[in-house]
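Enquirer: My questions all concern the structure below.
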Amino acid sequence: QGQLVESGGGLVQPGGSLRLSCAASRIVSRLAAMGWYRQAPGKQRELVAWITSADTTNYRDSVKGRFTISRDKAKSTIDLQMNSLKPEDTAVYYCNRVPYSPSWGQGTQVTVSS
């Protein structure tokens, strides 16, 4: 799989937007089923959005209509555009295969707060 490196997190006010990016190997980013997961304090890690090898996208109900996952094959990244952010979106966000592999990146912190 190679290394997964997440970036793009930060502090944003409710209603704001962030764009996360996951740098992966060329083969993984182009061909594998990939997802964005998140883990809030005291909660289990959950799958938020994923894109299949056929580029079909799927979303957790709580983020439908607000988040968009995509592949950038030129940059070998998996991106997550997050709009209309809510405080409950606060978490560390990770990317990984779907189903996930045991190797996780460091993640990127997203904090939604006024």
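The values are calculated or read from the model by the stated rules, or taken from the named source; none is laboratory data. Being a predicted model, the structure only gives us computed values, none of them experimental. Cβ: placed from backbone, ideal geometry, glycine included. Neighbour counts: every protein chain shown. Heavy atoms of the whole protein, side chains included, go into the accessibility calculation; ligands, DNA and RNA do not. Shrake-Rupley method; radii C 1.70, N 1.55, O 1.52, S 1.80 Å.
Enquirer: What lysines could a cross-link reach from residue 64, if we take a straight Cα to Cα line under 20 Å and drop same-chain neighbours fewer than 8 places away?
Expert: Within the straight-line limit of under 20 Å, residue 64 reaches these lysines: 86.
Enquirer: What do you get for Rg/Rh over segment 59-114 if you use C-alpha atoms and the Kirkwood form of Rh?
Expert: 0.97
Enquirer: If r is the Cβ-Cβ distance from residue 62 to residue 3 and R0 is 22 Å, what FRET efficiency results, to the nearest 0.05?
Expert: The formula returns an efficiency of 0.15 here.
Enquirer: Which one of 37, 109, 96 is farthest out on the positive end of the charge dipole of the chain, using unit charges on Cβ (Lys, Arg +1; Asp, Glu -1) and the Cα centre as origin?
Expert: Towards the positive end, the residue furthest out is 96.
Enquirer: Hey, another quick one. Going by accessible area, probe 1.4 Å, with all protein chains left in place, what is the ranking of 6, 88, 46, largest first? Before the final figure, lay out each step's value.
Expert: Values: 6 20, 88 125, 46 50 Å².
Final ranking, largest accessible area leading: 88, 46, 6.
Enquirer: Suppose every K and R has +1 on its Cβ and every D and E has -1 on its Cβ; what is the size of the dipole of the chain about the Cα centre, in Debye to the nearest 20?
Expert: My answer is approximately 180 debye.
Enquirer: State the percentage of accessible surface on the chain attributable to carbon and sulfur atoms; use a 1.4 Å probe and exclude ligands, DNA and RNA. It would help to have the intermediate numbers written out before the result.
Expert: Details: 2970 of 6020 Å².
In the chain, the share of accessible area belonging to carbon and sulfur is 49 percent.
Enquirer: Rolling a 1.4 angstrom probe over the protein heavy atoms, how many square angstrom per residue are accessible across the chain?
Expert: Accessible area per residue: 53 Å².
Enquirer: Assuming R0 = 25 Å, can you tell me the calculated FRET efficiency for the pair residue 72 and residue 114, based on Cβ-Cβ distance, to the nearest 0.05?
Expert: Details: r = 31 Å, r/R0 = 1.25.
With R0 = 25 Å, the Cβ-Cβ based efficiency is 0.20.
Enquirer: Something else: I need the Kirkwood Rh of the chain: take the reciprocal of the average 1/r across all distinct C-alpha pairs and report it in angstrom.
Expert: Details: mean 1/r = 0.0724 Å⁻¹.
Kirkwood radius, the chain: 13.8 Å.
Enquirer: Just need the relative contact order of the chain here, percent rounded to a whole number, with Cα pairs under 8 Å and 6+ apart.
Expert: Relative contact order, the chain: 36 percent.
Enquirer: Multiply the residue separation of residue 13 and residue 88 by 0.36 nm, subtract the distance between their alpha-carbon atoms, and state the gained length in nm to one decimal. Provide the component values of the computation, followed by the final result.
Expert: On the way: separation 75, 0.36 × 75 = 27.00 nm, distance 1.19 nm.
Gain in length upon complete extension: 25.8 nm.
Enquirer: Can you give the longest run of the chain that contains no trypsin sites (Lys or Arg not before Pro) sitting in a DSSP loop with at most 13 other Cβ atoms inside 10 Å?
Expert: 1-42
Enquirer: Out of the DSSP beta bridges found with both residues in the chain, what percent are antiparallel (nearest 5)?
Expert: Just about 90 percent of them are antiparallel.
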